[in-house]
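K.L.:
This structure is in structure tokens; I'll ask about it shortly.
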Amino acid sequence: MKNAYLISVLDNVKKRNAGEPEFIQAVTEVLETLEPVIEKRPDLVEAGVVDRLVEPERQIIFRVPWVDDNGKVQVNRGFRIQYNSAIGPYKGGIRLHPSVYLGIIKFLGFEQIFKNSLTTLPMGGAKGGSDFDPKGKSDGEVMRFCQSFMTELYRHIGPDLDVPAGDIGTGAREIGFMFGQYKRLKNEFTGVLTGKGLTYGGSLARTQATGYGLCYFTNEMLKANGKSFEGQRVIVSGSGNVAIYANEKATEYGAKVIAMSDSNGYIYDENGIDLAAIKQIKEVERKRIKEYLNYHPEATYTEGCKGIWTIPCDIALPCATQNEIDGESAEALAKNGCYAVAEGANMPSTPEAIEVYFKNKMLYGPAKAANAGGVATSGLEMSQNSQRLSWTFEEVDEKLHGIMINIFKACESAAKEYGMEGNYMAGANIAGFLKVAESMKAQGCV
Ligand code: NDP
């Protein structure tokens, strides 16, 4: 990066947010790709758009006390980062995972600004979460945690203010408990959360949306480069919400998914992963992926996550967590003939991995574009709630598909316009940024 203004903004970010490497990583990637825009648009510099964009509008940190099944008081830390409201009410998921701290929520909130902008729907960027680990907890413990979390959060959110959703560790069960508590505290039934159950305002196809959307995006990227999913060997990391439905759609497109993982290890099934078994283990029984061997003893299970990227494949869809592909794993993918990586997880590739993708001319679909289908469908859930009606699965899926095609086109054309043809990462950052930047400028220094 050579632009003096951007260098000074980044220096400030590093000083002000020391100890938050994920946040600094996310900001660095975006600022680096914005260089050509900033050079062309001194008006945005004058309006202080980037200086303002890197600082969240509001950061809420709170205590979440709850009582476990043994009657003992437990205390977690809750977060909600309301990052940017230039183009709509705050919108972003809630992550429940022991690794959660301020830097993770800030990086996710920052990414969310551009992702939401790319969907073309009116949603600002936000993220929330807690270091609570739902794994191994009883339903009662999860409920008491969620109720306590919402007992503080409810005063900061609302259907026209901030609409949280799911993320790692927050699925339909957790959203249900949080929604129930919000309703009770506010004494009103509104679409304050998305990812709700179908019987109380949820949208059909929301569960599938991020994984399906990832494959719709990837399919466009492949098509634009003379390729397709048909007959390709695909690795999908993770085995949660995003991974399961990415597997489902990739398989529908004719690909063979040969490996999946959880945070303990990965399974490799040369015959193609039996998704019904995965759904039973993960969605119904909430067990470890190792159990897959009980269904398919001919498959293999390996402890540890990193080795999954050493399995030869054509297309990699990382759908677990941040920084799961480092430079070494990316080298292994390239060496084994992988030619496309599209991100279901948020920031799953380290900067070194991204360098490897570009060096090897691999197709690279960045998270904020490729996984935007989840929040896009959350936006559609908000529309249905406001209209007090619900669309069919097909209607929602068709809208989602259209949105993902348009996101790909927006990334493709922004990259081309700024002289970086084929660099969809730069395209996503630039296209997402411009809409937010114009809105911030128009609204004055707020
Ligand atoms: P889930 O909690 O449903 O699943 C997460 C999966 O990733 C699980 O298989 C989990 O394994 C694995 N995982 C989590 N943390 C780690 C880790 N530190 N190391 C290795 N594996 C890990 O979450 P989602 O599927 O909803 O989210 C996955 C990714 O997609 C996240 O990056 C999320 O931010 C992103 N995303 C999600 C959206 C959504 O709509 N849900 C929308 C856009 C992005 P285990 O079960 O062992 O913990």
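The numbers here are math on the coordinates, done by the rules we state, and not lab data. Since this is a predicted model, take the numbers as computed values, not measurements. Please note: Cβ atoms are built from the backbone with ideal geometry, for glycine as well, and neighbour counts cover all protein chains shown.
K.L.:
Roughly what % of DSSP beta bridges within the stretch 186-329 run antiparallel, to the nearest 5? Can you show the working numbers first?
P.N.:
Values: 7 of 13 bridges.
That works out to approximately 55 percent antiparallel.
K.L.:
So what's the back-of-envelope 222 nm ellipticity for the chain, counting only DSSP H runs of four-plus at -39500 (n - 2.57) apiece and dividing by all residues, rounded to 500? Before the final figure, lay out each step's value.
P.N.:
Numbers: 17 runs with 211 residues, N = 446.
Helix-only estimate at 222 nm: -15000 deg cm²/dmol.
K.L.:
Any idea how far the Cα center of the stretch 129-147 sits from the one of the stretch 266-299, in Å?
P.N.:
About 25 Å separates the Cα centre of the stretch 129-147 from the one of the stretch 266-299.
K.L.:
Pick out which of 415, 332, 369 has the largest mean-square fluctuation in a Gaussian network model of the chain, springs linking Cα atoms closer than 10 Å.
P.N.:
Its mean-square fluctuation being the largest, the pick is 332.
K.L.:
Considering the dipole of the chain built from charges on the beta carbon (Lys and Arg +1, Asp and Glu -1) around the Cα centre, which of 434, 158, 207 is farthest to its positive end?
P.N.:
The residue sitting most towards the positive pole is 158.
K.L.:
With the convex hull built on the Cα atoms of the stretch 40-143, state its orientation-averaged projected area in nm². It would help to have the intermediate numbers written out before the result.
P.N.:
Details: hull surface 31.8 nm².
The orientation-averaged projected area of the Cα hull of the stretch 40-143 comes to 8.0 nm².
K.L.:
Here is a further query. Taking just the C-alpha trace of the stretch 298-382, give me its Rg and Dmax in Å.
P.N.:
13.9, 45
K.L.:
With 26 Å as the limit, write out which pairs from 137/282; 183/249; 223/287; 135/290; 196/279 have Cα-Cα distances beyond it, or answer none. Mind dumping the intermediate values first?
P.N.:
On the way: 137/282 15 Å; 183/249 35 Å; 223/287 37 Å; 135/290 16 Å; 196/279 19 Å.
Violating the 26 Å Cα-Cα cut-off are 183/249; 223/287.
K.L.:
State the three equivalent ellipsoid semi-axes of the stretch 227-295, derived from the C-alpha gyration tensor as the square roots of 5 times its eigenvalues, in descending order and whole Å. Each step should come with its number before you reach the end.
P.N.:
Working: eigenvalues 81, 27, 20 Å².
One finds semi-axes of 20, 12, 10 Å for the stretch 227-295.
K.L.:
Let me ask you something else. Explain nothing, just compute: Karplus ³J(HN,Hα) = 6.51 cos²θ - 1.76 cosθ + 1.60, θ = phi - 60°, for every residue of the stretch 323-339 in order, whole Hz, x for Gly and Pro.
P.N.:
6, 7, 10, 9, x, 5, 5, 5, 4, 4, 4, 4, 4, 8, x, 5, 10
K.L.:
Separate question: Name the residues whose placed amide hydrogens come within less than 5 Å of the amide hydrogen of residue 86, ignoring near sequence neighbours (fewer than 5 apart) on the same chain.
P.N.:
Under 5 Å from the amide H of residue 86 lie the amide H atoms of 125, each far enough along the sequence or on another chain.
K.L.:
Right, next: Can you work out the Karplus-derived ³J(HN,Hα) for every residue in the stretch 273-284? Use 6.51 cos²θ - 1.76 cosθ + 1.60 with θ = phi - 60°, whole Hz, and x for glycine or proline.
P.N.:
Karplus values, whole Hz, x for Gly and Pro: 5, 7, 5, 4, 5, 4, 4, 4, 5, 8, 7, 8.
K.L.:
Return the loop-located GluC sites (Glu not before Pro) in the stretch 109-212 (DSSP other than H, G, I, E, B) with at most 14 other Cβ atoms within 10 Å of their own Cβ; answer none if there are none. Mind showing how you got there, number by number?
P.N.:
On the way: sites: 111, 141, 152, 174, 188; in loops: 188.
Counting only loop positions with at most 14 other Cβ atoms within 10 Å, the GluC sites (Glu not before Pro) in the stretch 109-212 are 188.
K.L.:
Still on this model: Counting DSSP beta bridges with both partners in the stretch 78-169, what percentage is antiparallel, nearest 5?
P.N.:
Numbers: 7 of 16 bridges.
The antiparallel proportion sits near 45 percent.
K.L.:
Give me, ordered by chain and number, the residues 5 or more places off residue 265 or on other chains with an amide H under 5 Å from its own placed amide H.
P.N.:
Sorted by chain and number, the residues that satisfy this are 304.
K.L.:
With a 10 Å radius around each residue's Cβ, average the other Cβ atoms per peptide and rank 380-386, 229-235, highest first.
P.N.:
On the way: 380-386: 20.7, 229-235: 19.1.
The peptides rank, most packed first, as 380-386, 229-235.
K.L.:
Note the direction-averaged projected area, equal to a quarter of the hull surface, for the Cα convex hull of the stretch 343-446, in nm². Write out the running numbers ahead of the final one.
P.N.:
On the way: hull surface 35.2 nm².
So the Cα hull casts an average projection of 8.8 nm².
K.L.:
Which percent of the Cα-Cα distances in the stretch 122-192 go past 18 Å? If you can, show how the numbers build up before the last one.
P.N.:
Numbers: 862 of 2485 pairs.
Percent of Cα pairs beyond 18 Å in the stretch 122-192: 35.
K.L.:
So, one more: Counting every Cα pair in the stretch 117-245, what percent are over 19 Å apart? Working shown, then result.
P.N.:
On the way: 4764 of 8256 pairs.
Every Cα pair in the stretch 117-245 considered, those over 19 Å come to 58 percent.
K.L.:
Report ³J(HN,Hα) in whole Hz for each residue of the stretch 166-175, in order, from the Karplus equation J = 6.51 cos²θ - 1.76 cosθ + 1.60 where θ = phi - 60°; Gly and Pro get x.
P.N.:
Each residue of the stretch 166-175 in turn: x, 6, 3, x, 10, x, 4, 4, 5, 4 Hz.
K.L.:
Sorting check: for 122-129, 199-206, which peptide has the highest mean count of neighbouring beta carbons within 10 Å, and how do the rest follow?
P.N.:
Numbers: 122-129: 27.2, 199-206: 19.5.
Per-residue mean Cβ counts within 10 Å order the peptides as 122-129, 199-206.
K.L.:
Give a quick list of GluC sites (Glu not before Pro) in the stretch 289-349 that DSSP marks as loop, anything other than H, G, I, E or B, with at most 15 other Cβ atoms within 10 Å. Walk me through the numbers before you get to the answer.
P.N.:
Values: sites: 291, 298, 303, 324, 328, 331, 343; in loops: 298, 324, 343.
Here the sparse-neighbourhood loop sites are 298.
K.L.:
Can I ask one more? Considering only 258, 281, 175, give the residue with the highest GNM mean-square fluctuation for the chain, with springs between Cα atoms whenever their separation is below 10 Å.
P.N.:
Highest fluctuation among the options: 281.
K.L.:
Determine by what factor the alpha-carbon radius of gyration of the chain differs from 2.2 N^0.38 Å, reporting the quotient. List each step's numbers first, then the result.
P.N.:
Working: Rg = 20.8 Å, N = 446, 2.2 N^0.38 = 22.3 Å.
After normalising by residue count via 2.2 N^0.38 Å, the value is 0.93.
K.L.:
How would you order 422-429, 67-74 from highest to lowest mean count of nearby Cβ atoms within 10 Å? The partial results should precede the final answer.
P.N.:
Working: 422-429: 24.9, 67-74: 10.4.
Packing proxy ranking, top to bottom: 422-429, 67-74.
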